[in-house]
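Here is the structure we will look at.
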Amino acid sequence: TAGDPSEGLRFYAVRYNDLVVDVDLAGHRITEGRMSPDDGERTIERVRAALLDPKVVGDLGALAERVHQLELLVKIRRDFLAEERDRIKSEAAARRTELVAEAETLATSHNWRKAADRFRAIVEEWKTIPRFDRDTEQELWVRLSAARSAFDKARRQHHTEVEKAQAAGKVAKEKLIAEAEAIAASTDWIAGANAYRDLMEKWKKAGFAGKPADDALWKRFRAAQDTFFAARKAALSQRDAEWSTNLAAKRAV
């Protein structure tokens with residue numbers, strides 16, 4: 001026996017409603033940014049194919065209008081995404097250019113630690129910027145790398161010069177210490193005091209030997225001075241005491 005005609009009509013009506021739901025749902029997702037324009041196009045193609053050979057029961061004209069509205073939404077979304085991409089691309093290029101300009105300024109900086117930290121931060125930020133134009137980005141990266149290399153070369157040269165200066169300062173101060181220790185036991189108080197004054201002036205001009213070496217060298221130099229001047233103080237105190245005793249004896253006579 002044939003089936004109930006109303007059941008057949010209901011089946012085709014459900015299929016129609018399913019198409020309506022597909023179109024409406026796609027429209028909501030496109031509007032909310034949860035569906036890509038390409039996925040929206042696939043929904044449009046699927047529903048249009050169903051309309052060409054309709055096996056549904058419903059208002060086909062209304063469904064076709066819904067598809068048309070979905071097409072408009074897809075176009076608006078596609079245009080928006082294209083504009084957004086262009087904006088992000090422009091901002092990315094501008095930011096990369098700014099970072100390169102800053103790097104080229106830093107290349108001549110002598111604030112070694114601060115500039116080195118900033119170079120590291122620039123490179124880290126560079127990695128986070130969206131990529132669009134490989135050729136332009138490569139050109140900018142070459143400039144950034146050149147600036148960083150120039151800075152690193154200057155910093156290494158500076159450190160080498162500092163190390164040489166500190167080594168020279170250490171040699172000079174070792175020599176002054178040797179001279180200071182050689183006269184630490186002298187009892188020629190006037191000549192010794194004058195010699196230590198001269199050594200102190202030379203010490204000031206000898207240059208920095210670098211920490212902690214400079215501190216250790218100064219302790220040795222100061223120890224030799226302290227030995228001499230402590231002995232001189234003791235000797236002069238003893239002489240003054242003897243003079244006082246002699247003076248008292250003479251007055252008593």
Cβ-Cβ FRET estimate between Thr31 and Glu7, R0 fixed at 35 Å, reported to 0.05: 0.45
Accessible area (Å², 1.4 Å probe, nearest 10) - Asp226: 80 Å²
Check: the chain dipole with +1 on Lys, Arg Cβ and -1 on Asp, Glu Cβ, in debye: 2300 debye
In sequence order, calculated HN-Hα J values of region 142-154 (Karplus, 6.51, -1.76, 1.60; Hz; x Gly/Pro): 4, 5, 4, 4, 5, 5, 5, 5, 5, 5, 4, 5, 5
Carbon + sulfur, % of accessible area of the chain - ligands and nucleic acids excluded, 1.4 Å: 55 percent
Nearest-20 debye value, region 5-52 charge dipole, Cβ charges on Lys, Arg, Asp, Glu: 120 debye
28 Å tail of the calculated P(r), region 96-253, as % of Cα pairs: 55 percent
Region 184-253, dipole about Cα centre (Lys/Arg Cβ +1, Asp/Glu Cβ -1), debye to the nearest 20: 100 debye
Rounded to the nearest 10 Å², the accessible area of Trp243 at probe 1.4 Å: 150 Å²
Two-decimal ratio, region 177-240, of alpha-carbon radius of gyration to 2.2 N^0.38 Å: 1.21
Hits among lysines - C-alpha to C-alpha of Lys89 under 17 Å, sequence gap 8 or more where chains match: Lys127
Residue-by-residue Karplus 3J(HN,Hα) for region 178-190, coefficients 6.51, -1.76, 1.60, Hz, glycine and proline x: 4, 5, 5, 5, 5, 9, 4, 9, 5, 10, 7, 4, 5
For the chain: accessible area per residue (Å², 1.4 Å): 67 Å²
Whole-percent pair-distance distribution, where bins are 10 Å wide, for the alpha carbons of region 64-184: 11, 24, 17, 14, 12, 9, 5, 3, 2, 1, 0, 0
Integer Hz, Karplus 6.51/-1.76/1.60 couplings in order for region 86-96, x for Gly and Pro: 4, 5, 4, 4, 5, 5, 5, 5, 5, 5, 4
On Cα atoms only, tilt of 213-252 relative to the major axis of the chain in degrees: 30 degrees
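The values are calculated or read from the model by the stated rules, or taken from the named source; none is laboratory data. On a predicted model such as this, the values are computed, not experimentally measured, just so you know. With ideal geometry, Cβ positions are generated from the backbone for all residues, glycine too; neighbour counts draw on all protein chains shown. Protein only, heavy atoms only, side chains kept; ligands, DNA and RNA dropped before computing areas. Shrake-Rupley method; radii C 1.70, N 1.55, O 1.52, S 1.80 Å.
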